[in-house]
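Let me begin by presenting the structure, written as structure tokens, before commenting on it.
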Amino acid sequence: MSKICLCLTGTTLAHDLEIIEKNRKYVDVAELRVDCLDPDERFHIRRFPEMAGLPVILTIRRESDGGKYRGGEGARISLLAHGLANAFTDPRLNFAYVDLEDYLNVPALEEAARVFGTKIIRSYHNIHSVDGDIVGKLKSLYHVGDELVKIAAMANSLSDVLRMYRASQEMVGMNKTLICMGPFGIPSRILADRFGSEFSYTTMAGQFLGALGQLEPQELSELYRFRTISDRTRIFGITGFPLTTTFSPVFFNTIFKLENTDAVYVPFPTDDVKTFLDLAEALNVSGASVTIPHKTAIIPYLGSQSENLQSIGACNTIISNPHGWIGTNTDALGFSGSLLNFIEKKNLKGKRITIVGAGGVAHAVAAEIHRLEARALIVNRTAVKAKELALPYGFAWDGLDHRCVEHIKKYADIIIQTTSAGMEPHIDEDPLALYQFSGKEVVMDLIYKPECTAFLARAAQAGCRTLNGYDMLIRQAQAQYELFTGKDFPSHLLSRF
């Protein structure tokens, strides 16, 4: 079973010990990053394992390998030797591991480590990319039977994660840790056990290394239930790009935990939906949510489509099947259920509605507005896309510029914002800034984070009734849960959110 390793990157040993105490129940091992310590603190590293009270990895990482050590190699070797010197007969008081890079060949240092039971991690780091021949690199790193081989490389796409996973399957049985750094590499950290990795490295928010894609210890341990993930655990997930604001992992993993379901829901950020599907097949992913920008791009890869997907033309949910992926859409009913509940109506008959945007979510919104007997105007920066979405329903359409303002006024009973404008990092963006609210409109923004976008805030200030996308998110996620698991959603658990 893979272990959670806490990277200690404080400038003092006292600070590192504080970090351990805050996270002790979440982690199994700590890595003392001596390169991050103040120079004076480095003289006292020998006693750290005794103070830490858990297995500790001794690491001094050079800047070229992504660390902070700037001294010469002779001084670094001496510092490593100092950490291993004067070993105690009780191995718990010594460093449990020492991390030696592949190019660091110091037999005396290695022998000293082995004599007193300190295991050697033979590591290779590439902070720029994933190497072409991962299997060859693993074989070249492995020297002695008691060594653990580690590759940490920057994933520049999800295809790099897929290559790392395939390499791990070729080297089953080797004591190894394979880490894809960066946001694309998050699946390799959560699913470390599936990658055959000994450790998954974590760090506290705000600490050095956090930008390399490491999760926080509590998040990895409790939200993703890292220690319970096994070959029997069902994998679900969400794919899109960049996935910086998704609430879905919190929702699904919390539900799985509360009902003690052996399943995990993992973010799979990617700008290439085909690569995600290849990785999902390799990992035996059971189902996934699909979000921006893949809701239409994924359709050609589906083995079959539900009736509502065929009519909507956008997919936000896929389920694994022996004959391929089954695609469907839960956004539509999630949207209409949320809006109708808000305005306390059973349909939209007689309403004149403006839809801002023509993307995947807008397709679901347009389909539901048509089904609920309303008339609509679709406005979009690219007018031709607005036209393509509007024509099948007999809706009006226009470009999103100053000329559409008078047009919107004729369809202003309800205004629905479906684009990503207003999400991080562009939280100040207002996609309908050219329109002045009268205060009589019902205004819905399908964004749920931030809770109140600039668009909604301006509408509320004008006196409009406003609704964000959180309720829609929960409703469509409930439907996804039932598709994923084949069970009714446990509604009594909604009080936890």
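Since every read-out is calculated from the coordinates, none of them should be taken as a lab result. Source: prediction; values computed, not measured. Cβ coordinates were reconstructed from backbone atoms using ideal geometry, including for glycine residues, and neighbour counts include every protein chain displayed.
3J(HN,Hα) along region 218-232: 5, 4, 5, 6, 9, 5, 8, 6, 3, 6, 9, 6, 9, 5, 8 Hz, from the Karplus curve 6.51 cos²θ - 1.76 cosθ + 1.60 with θ = phi - 60°, whole Hz, x for Gly and Pro. When HIS492, HIS143 are arranged by Cβ crowding within 10 Å, least crowded first, meaning fewest neighbours, the order is HIS492, HIS143.
Does the chain classify as rounded, prolate or oblate by the C-alpha gyration tensor (a ≥ b ≥ c root eigenvalues; a/c under 1.5 gives rounded; else a/b over b/c gives prolate, otherwise oblate)? Prolate shape, in that a/c is at least 1.5 and a/b is the bigger ratio. Size of the dipole of region 332-471 about the Cα centre, Lys and Arg at +1 and Asp and Glu at -1 on the beta carbon, nothing else charged, in debye to 20? In debye, rounded to 20, region 332-471 gives about 580.
Within straight-line reach of LYS119, meaning a Cα separation under 24 Å, sit the following lysines at least 8 residues removed in sequence or on another chain: LYS3, LYS25, LYS68, LYS137, LYS139, LYS150, LYS176. Cα gyration tensor of region 6-135, axes a ≥ b ≥ c as square roots of the eigenvalues: rounded (a/c below 1.5), prolate (a/b > b/c) or oblate? Rounded shape, in that the Cα axes give a/c under 1.5.
Ordered by the count of other Cβ atoms within 10 Å of each Cβ, fewest first, CYS36, CYS180, CYS452 give CYS452, CYS36, CYS180. DSSP bridge analysis restricted to the chain gives an antiparallel fraction near 10%, rounded to the nearest 5. Among the trypsin sites (Lys or Arg not before Pro) in region 376-484, those placed in a DSSP loop whose Cβ has at most 12 other Cβ atoms within 10 Å are LYS410, LYS440.
Per residue, the chain reaches -9000 deg cm²/dmol at 222 nm when only DSSP H runs of four or more residues are counted, each adding -39500 (n - 2.57).
Placing a label point 7 Å from the Cα of PHE342 along the Cα-to-Cβ direction, none of the residues of region 477-497 has a backbone N under 14 Å of that point. Note on region 320-377: dipole from Cβ charges, positive end direction compared against HIS323, GLY357, PHE342; the farthest Cα belongs to PHE342.
For GLY213, nonlocal amide neighbours, meaning residues 5 or more places apart or on other chains whose placed amide H falls under 5 Å from its own, are GLY182.
Distance between the 7 Å Cα→Cβ label points at ASP65 and GLN436: 6.5 nm. Legend: calculated FRET efficiency, SER140 to ASP38, from the Cβ-Cβ distance at R0 = 35 Å, rounded to 0.05, equals 0.50. Taking all Cα pairs closer than 8 Å and separated by 6 or more residues, the relative contact order of region 332-471 comes to 20 percent.
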